[in-house]
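Notes for the one structure printed next.
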Amino acid sequence: MTRVTVPVAYMPLVDAAPLIVAQEMGFVDAEGIALDLIAAPSWSSVRDMLAFGRVDAAHMLSPVPIAMAMGLGGVATALSAVSVLSVNGNVIGVGKPLEEKLRANGFEFDFADPVKAARALAEVRDRPIIFGVPFPFSMHVELLRYWSAATDLGPDGIVIRTVPPPLMANALAAGDVDAFCVGEPWGSVAVEQGSGALLLPGASIWSFAPEKVLAVRTAWAETEPDLTGRLMRAVWRAGRWLADPNARLAAATLLSRKSYLNVSSELIDRALSGDLVVSSRGEQRSVDGFLLFHEGAANFPWRSQAKWIGQHLADHHRPGDTPSIDAIAKVYRTDLYRMHMEGTGCDLPGASEKVEGAILHATAVASAAGSLTLLPNRFFDARVFDFPVK
Amino acid sequence: MQTSIRIVVVEQDRDRAIAIVDALKDACACDVLVVGDSSGLERKIAAYGPDIVLIDIDNPTRDMLEELTLASGPLERPVAMFVSGNSDGLAAAAIEAGVSACVVDGLAPARIKPVMDTAIARFAMVRQMRNELAETRRALEERKVIDRAKGLLMKAKGIDEDAAYALLRKTAMDRGRRVADVAEALVTAAGLLG
């Protein structure tokens with residue numbers, strides 16, 4: 001039997017793990033397919049490769065399919081987010097000069113309190129703080145904007161600039177940026193290189209933020225439903241495997257390979273375990289739910305997540321314009337998820353939307369098999385987002 | 001007469017940049033600016049006001065150009081990733097060749113085509129050379145790993161080199177994997193256990 005090989009683009013990041021594990025640990029094999037994993041040099045090239053058919057699926061920043069549906073950015077092909085690959089996992093950090101100013105003021109780098117961190121930053125700045133992020137449409141940007149708008153930093157107190165993470169150290173040294181928000185391993189790499197210190201985990205701003213999605217061309221999902229289903233199931237099983245603490249060592253070793261991330265497995269393990277080293281002084285901080293691949297229905301592409309992202313993109317890029325958030329949110333394909341995950345043992349929630357920010361403690365919810373528990377989902381400022389269906 | 005087309009080429013390698021500029025000048029009437037340093041890239045490009053920006057797809061600074069698509073000021077012109085709509089497969093050909101282009105909205109396709117044809121040909125050549133080099137490097141690297149794996153097997157099992165290689169090859173065939181992959185797995189495992 002010849003297997004169908006699905007070309008898949010990804011960025012070499014810790015949260016590409018579900019795709020890499022699906023291939024290496026035999027989960028795609030069990031579904032009768034193979035992956036041709038293509039490491040991309042930039043997010044725009046991931047998107048372009050997917051949009052123009054060089055690959056059929058991709059590891060994608062959660063806001064990108066939504067931004068494309070809104071006509072933002074350079075490419076307009078219709079994409080579908082068929083599942084969420086990972087929740088959380090970003091870090092906010094500062095370069096050396098800011099780190100020293102913060103320390104001089106007695107700031108403790110607790111890696112936990114967004115309000116305190118913002119106040120400390122606001123006290124030491126003499127102009128807006130320039131943050132480097134990997135891409136204009138990213139959870140990194142949304143978290144930074146949300147955080148600054150609701151704290152002493154203020155909406156105009158920061159400037160966001162795109163800097164590819166491999167060039168972040170140079171940009172910090174050249175003074176092009178003062179601080180950064182990146183996904184792992186890049187935060188830990190910055191600490192190891194001595195170019196900065198970590199201020200906050202993304203999870204401290206939104207405790208259950210969809211970070212990367214599995215994206216396909218909408219037309220491909222329609223013409224290749226069988227392949228789409230096989231790919232989704234294999235990736236879901238890989239996420240479940242990654243959630244087992246016993247798998248951590250193997251996962252870190254696998255990802256560290258030269259052909260994948262090419263950084264030490266010890267560095268990768270920091271993100272997988274949530275035990276991060278936040279500065280070159282070796283200060284360690286532990287974060288619950290730092291990066292999730294499976295727990296709490298992490299992979300379900302909630303429409304309400306898409307609406308949250310769509311609303312924030314619209315507020316920033318199309319002020320005054322009220323796009324149909326309901327229509328845009330349909331790029332998060334709860335329908336395909338329900339259809340293709342049937343029979344895998346993946347418990348499906350009874351609803352396709354939830355009130356984002358309203359879960360304070362792990363909560364059991366209505367589901368097909370009755371075994372679903374949602375993890376805390378709250379914003380640091382306790383706001384809740386309820387998007388009524390029109 | 002049409003005004004010449006303004007092109008920015010983002011390329012760090014000086015020789016390669018010169019070759020691209022020469023090819024473009026032969027193909028059409030154009031003014032070309034080469035940007036080598038990624039620091040402040042978007043500002044430099046915006047200041048020049050190009051009609052087309054060409055960049056190697058493997059260049060991570062491509063993401064910095066994405067901000068140009070968001071240009072919203074009165075003097076700024078929106079830039080689209082090269083012809084997302086009707087492009088006669090030019091976009092796919094560009095990706096295959098390893099070049100990304102950002103084109104200012106509204107530029108006539110007839111003016112884009114000669115630029116893109118030239119860029120595609122030039123970048124395809126560069127990419128082929130780079131692939132060949134990477135392939136040679138990889139082959140060398142794999143030889144080293146296979147040698148180390150052979151050494152490990154010879155020591156652990158007390159067999160000679162030919163037998164060690166035969167064992168690697170047989171395992172690879174049984175598992176449907178490449179010899180180099182089996183060797184790498186063995187070396188990694190030995191590193192973990194040792």
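The values are calculated or read from the model by the stated rules, or taken from the named source; none is laboratory data. Note that this is a predicted model, so its numbers are computed, not measured. Because the Cβ atoms are built from the backbone with ideal geometry, glycine has one as well, and the counts that use them run over all protein chains shown.
Values computed for the structure shown
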item: Evaluation of residue A:21 against (1) within 17 Å of the chain's Cα centre (by Cα); (2) β-branched (Val, Ile, Thr); (3) away from chain B (no Cβ under 14 Å); (4) in a helix (DSSP H, G or I) (one fails), failing number; result: (1)
item: The listed residue being closer than 19 Å to residue A:239 by Cβ and β-branched (Val, Ile, Thr), out of A:334, A:363; result: A:334
item: Odd one out for residue B:38 among (1) over 18 Å from the mean Cα position of the chain (by Cα); (2) more than 19 Å from residue B:95 (Cβ to Cβ); result: (1)
item: Test: residue in the range A:98-116 that is part of a loop (DSSP other than H, G, I, E, B), within 14 Å of another protein chain (Cβ to nearest Cβ) and surrounded by fewer than 23 Cβ atoms within 10 Å (Cβ to Cβ); result: no
item: Enumeration of residues in the range A:31-68 that are within 7 Å of chain B (Cβ to nearest Cβ) and not in a helix (DSSP H, G or I); result: A:41, A:42, A:52, A:53, A:54
item: Failed condition for residue A:368, given (1) among the small types (Gly, Ala, Ser); (2) surrounded by 13 or more Cβ atoms within 10 Å (Cβ to Cβ); (3) modelled with pLDDT of 90 or more; result: (3)
item: Residue within the range A:78-90 that is touching a helix residue (DSSP H, G or I) at 6+ places or on another chain (Cβ under 6 Å) and surrounded by fewer than 24 Cβ atoms within 10 Å (Cβ to Cβ) present; result: yes
item: In the range A:294-317, the residues that are assigned to a helix (DSSP H, G or I) and of a type in the set (A, V, I, L, M); result: A:306, A:309, A:313, A:314
item: Among the residues listed as A:39, A:57, A:69, A:22, the single one being surrounded by fewer than 21 Cβ atoms within 10 Å (Cβ to Cβ), small (Gly, Ala, Ser) and either out of contact with any Asp or Glu (no Cβ under 6 Å at 6 or more places or on another chain) or free of Cβ contacts under 8 Å to residues at least 24 places away in the same chain (or both); result: A:39
item: Pair list, Cβ under 6 Å, 6 or more apart: the range B:6-19 residue touching a residue at least 60 places away in the same chain (Cβ under 8 Å), other residue of a type in the set (Val, Ile, Thr); result: B:7/B:32; B:7/B:52
item: Flag for residue A:226 being surrounded by fewer than 22 Cβ atoms within 10 Å (Cβ to Cβ), more than 16 Å from the chain's Cα centre (by Cα) and not assigned by TED's automatic domain parsing to the domain that holds residue A:32; result: no
item: The range B:16-45 - residue that is surrounded by 15 or more Cβ atoms within 10 Å (Cβ to Cβ) and of a type in the set (Lys, Arg) and, of those, farthest from the other protein chains (Cβ to nearest Cβ); result: B:25
item: Residue in the range A:162-180 that is within 27 Å of residue A:304 (Cα to Cα), part of a loop (DSSP other than H, G, I, E, B), at pLDDT below 95 and within 13 Å of chain B (Cβ to nearest Cβ) present; result: no
item: Test result for residue A:381, at pLDDT 90 or above, surrounded by fewer than 21 Cβ atoms within 10 Å (Cβ to Cβ) and at negative phi; result: yes
item: Condition check for residue A:39: in contact with a helix residue (DSSP H, G or I) (Cβ under 8 Å, 6 or more places away or on another chain) and of a type in the set (A, V, I, L, M, F, W, C); result: no
item: Qualifying residue in the range A:187-197 (condition: away from chain B (no Cβ under 14 Å), assigned to a helix (DSSP H, G or I), modelled with pLDDT of 95 or more and surrounded by 21 or more Cβ atoms within 10 Å (Cβ to Cβ)); result: no
item: Pairs, first assigned by TED's automatic domain parsing to the domain that holds residue A:115 and under 17 Å from residue A:208 (Cβ atoms) in the range A:142-154, second part of a loop (DSSP other than H, G, I, E, B) and not aliphatic (A, V, I, L, M), C-beta under 7 Å, six or more apart; result: A:142/A:63
item: Any chance residue A:243 is surrounded by 24 or more Cβ atoms within 10 Å (Cβ to Cβ) and away from chain B (no Cβ under 12 Å); result: no
item: Residues (of a type outside the set (Val, Ile, Thr) and in a loop (DSSP other than H, G, I, E, B)) located in the range A:345-359; result: A:345, A:346, A:347, A:348, A:350, A:351, A:352, A:353, A:354, A:357, A:358
item: Test set (1) at pLDDT below 95; (2) in contact with a Pro (Cβ under 9 Å, 6 or more places away or on another chain) - residue A:48 fails condition number; result: (2)
item: Selection status of residue B:26, acidic (Asp, Glu) and within 20 Å of residue B:116 (Cα to Cα); result: yes
item: All positions within the range B:1-40 that are in contact with a Ser or Thr (Cβ under 6 Å, 6 or more places away or on another chain) and in a helix (DSSP H, G or I); result: B:23, B:24, B:27
item: Test: residue in the range B:148-166 that is aromatic (Phe, Trp, Tyr), surrounded by 13 or more Cβ atoms within 10 Å (Cβ to Cβ) and over 23 Å from the mean Cα position of the chain (by Cα); result: yes
item: Of all residues in the range B:172-189 being within 19 Å of residue A:254 (Cβ to Cβ) and β-branched (Val, Ile, Thr), the one that is modelled with the lowest pLDDT; result: B:188
item: Any hit, the range A:69-77, residues being closer than 19 Å to residue A:136 by Cβ, assigned to a helix (DSSP H, G or I), more than 10 Å from chain B (Cβ to nearest Cβ) and out of contact with any strand residue (DSSP E or B) (no Cβ under 7 Å at 6 or more places or on another chain); result: yes
item: Any hit, the range A:202-222, residues being within 14 Å of chain B (Cβ to nearest Cβ), of a type in the set (Gly, Ala, Ser) and surrounded by fewer than 21 Cβ atoms within 10 Å (Cβ to Cβ); result: no
